[in-house]
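A short write-up of the structure that comes next.
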Amino acid sequence: MSEAKLRVRIPWRALSMVGSLIAIWIAFSITTDGTFVTPRNLTLLARQMSVTSILAIGMVMVIVSGQIDLSVGALAGLLGASSAMIYVSLGWPLPAAFVLPLLLGAVLGFVQGTLVARLRIPPFIVTLGGMLIFQGSMLGLTGGVSISPARPYLFVGQAYVPHALGWAGAGVLCVGLLYKAARATGSARYPWIGLAVFSVAFAALMNSYEGVPFPVLVVLVLATAFTVLAKHTTFGRHLYAIGGNREAAFYSGISIDRHLIAVFTLMGVMAGIAGVVLTARVGSATSDAGRMMELDAIAAAVIGGTSLLGGQGTIWGALLGALVMASLDNGMSLMNTESFWQPIIKGIILILAVGIDMASRKTRSH
């Protein structure tokens, strides 16, 4: 295989994102006198990004198929509040409080997907309307009062994985990544080796505080499952085909409507998971929970390399984008930066990410 072909297989954009993240961490480490890179703060940072990461995982699938979902933040808040009410107000068992919101999320996602696919209503309009409906429903459901579940409920948002299990998981992941590196050729194996080293370093860092946060474990499991779904199943490949060239996908026999309904249904389930984790992490369900999280999820996906034009994007790239955004939030908070700077800087980074994507597509087209 020629060296030119090897270069094509190296994920340069992902490597540049990692380089940018390292630069951000170094800068915040200096400006906060090392507080930013302490095991305690990095553990809290990992837990802080979990809800955005869960939403971003689902959002990648939606955007890859050429769609958009502006309702996920409000839907996550509504489903989190529903979960808390099922457990606290109705007194139903914990499994019901966790499972029923996921089923409700699937139903609401299915409805939105049906409106987009069958009635041909633009997804921007459907999900914008959904966002308003879900926000109003959440306010009516909670009555503007916080709902605080008991400690067993909070496990999924505040618990830590035992150290031994954290090491075992890192070891299995490291072996898998090294196997991928062994199957790669030339320079293409170095990113896999780097990820293997990172997995062990991550476990060591988390275990030096209290262990891997349980929400982070949820994110890693979901990211792995959705990566397999996106890259190694017919359904996932069809989503990329629909987003890349809808007309060609139609003529190749792909059922576009069915796939779009399915991807919005999956997004509803992910909003349910995010809502439960958010409620458990914060310790209560409030009437403004999930507000603006849809924008964070979209920004994380785009910063991580997902194209808003569809047909291009990765789950792990979105997690990297979520980590970049969470790092900016966390670092600026440690610096006591005025709160108005955070959305300004994230907005600039989002515009730059989209601009780079458009420029790269224009270059490839020539």
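Find the residue count for region 124-147, including only residues that are farther than 30 Å from V263 by Cβ and touching a strand residue (DSSP E or B) at 6+ places or on another chain (Cβ under 8 Å). Before the answer, list the steps.
Within region 124-147, the first condition is being farther than 30 Å from V263 by Cβ, and the residues that meet it are 143-147.
Now restrict to residues that are touching a strand residue (DSSP E or B) at 6+ places or on another chain (Cβ under 8 Å): 146-147.
Within region 124-147, residues that are farther than 30 Å from V263 by Cβ and touching a strand residue (DSSP E or B) at 6+ places or on another chain (Cβ under 8 Å) number 2.
Give all pairs with beta carbons closer than 8 Å in which a residue from region 200-216 that is farther than 16 Å from V51 by Cβ meets a residue that is among the basic types (K, R) and at pLDDT 85 or above; count only pairs at least 6 apart in sequence or on separate chains.
So the pair list comes out as Y209/R40.
Using beta carbons and a limit of 7 Å, which pairs, at least six apart or on different chains, have the first residue in region 161-172 and within 15 Å of F214 (Cβ to Cβ) and the second one part of a helix (DSSP H, G or I) and aliphatic (A, V, I, L, M)?
V161/L217; G166/A203; G166/M206
Can you work out which of the residues in region 74-108 that are closer than 15 Å to T265 by Cα and small (G, A, S) is surrounded by the most Cβ atoms within 10 Å (Cβ to Cβ)?
A76
Check whether at least one residue in region 195-215 is open to solvent by 50 Å² or more (accessible area, probe 1.4 Å), closer than 24 Å to I121 by Cβ and among the acidic types (D, E), and report yes or no.
Taking every residue of region 195-215 in turn, none turns out to be open to solvent by 50 Å² or more (accessible area, probe 1.4 Å), closer than 24 Å to I121 by Cβ and among the acidic types (D, E).
For region 72-103, name all the residues that are in contact with a Leu (Cβ under 9 Å, 6 or more places away or on another chain) and not in a helix (DSSP H, G or I).
W92
I need every pair where a residue in region 326-351 that is hydroxyl-bearing (S, T, Y) has its Cβ under 6 Å from the Cβ of a residue that is assigned to a helix (DSSP H, G or I) and surrounded by 15 or more Cβ atoms within 10 Å (Cβ to Cβ), sequence separation at least 6 or different chains.
Every condition considered, the pairs that remain are S327/I24.
Among what's in region 258-303 and is within 22 Å of A150 (Cα to Cα) and not in a helix (DSSP H, G or I), pick the residue that is most open to solvent (accessible area, probe 1.4 Å).
D288
Is it the case, given these coordinates, that T114 is over 22 Å from the mean Cα position of the chain (by Cα), at pLDDT 95 or above and buried (at least 16 other Cβ atoms within 10 Å of the Cβ)?
Numbers: over 22 Å from the mean Cα position of the chain (by Cα): yes; at pLDDT 95 or above: yes; buried (at least 16 other Cβ atoms within 10 Å of the Cβ): yes.
Yes: the conditions hold for T114.
Every residue in region 344-366 that is open to solvent by 80 Å² or more (accessible area, probe 1.4 Å) and at pLDDT below 70, please. Let's see the steps before the verdict.
To start, the set of residues in region 344-366 that are open to solvent by 80 Å² or more (accessible area, probe 1.4 Å) comprises 348, 351-352, 356, 358, 362-366.
Selection gives K362, T363, R364, S365, H366.
If you check every pair at least six apart or on different chains, which have Cβ atoms under 9 Å apart with a residue in region 88-105 that is on the phi > 0 side of the Ramachandran plot first and a residue that is in a helix (DSSP H, G or I) and surrounded by fewer than 16 Cβ atoms within 10 Å (Cβ to Cβ) second?
Listed pairs, sorted by first residue: none to list.
Can you tell me how many residues within region 233-252 are under 15 Å from Q312 (Cα atoms) and not hydrophobic (A, V, I, L, M, F, W, C)?
8
Do we have A225 as surrounded by fewer than 20 Cβ atoms within 10 Å (Cβ to Cβ) and at pLDDT 90 or above here? First the steps, then the outcome.
Working: surrounded by fewer than 20 Cβ atoms within 10 Å (Cβ to Cβ): yes; at pLDDT 90 or above: yes.
Judged against the criteria, A225 is a match.
Every residue, every condition in (1) under 22 Å from T227 (Cβ atoms); (2) of a type in the set (D, E); (3) modelled with pLDDT under 90, yes or no:
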site: Y240; (1), (2), (3): yes, no, no
site: I256; (1), (2), (3): no, no, no
site: V263; (1), (2), (3): yes, no, no
site: A271; (1), (2), (3): yes, no, no
site: G304; (1), (2), (3): yes, no, yes
site: W316; (1), (2), (3): yes, no, yes
site: L319; (1), (2), (3): yes, no, no
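Give just the number: which of (1) open to solvent by 10 Å² or more (accessible area, probe 1.4 Å); (2) touching a residue at least 24 places away in the same chain (Cβ under 8 Å) does D69 not satisfy?
Condition (1) is where D69 drops out.
Search region 321-343 for residues being at pLDDT 85 or above and of a type in the set (S, T, Y), and hand back the single one that is farthest from the chain's Cα centre (by Cα).
Among them, the one singled out is S333.
The values are calculated or read from the model by the stated rules, or taken from the named source; none is laboratory data. Here the structure is a predicted model, which is why all the values come from computation and not from measurement. Using ideal geometry, Cβ is built from the backbone for each residue, glycine included, and neighbour counts are taken over all protein chains shown. Side chains are part of the model used for accessible areas, which takes the heavy atoms of the whole protein and leaves out ligands, DNA and RNA. Shrake-Rupley method; radii C 1.70, N 1.55, O 1.52, S 1.80 Å.
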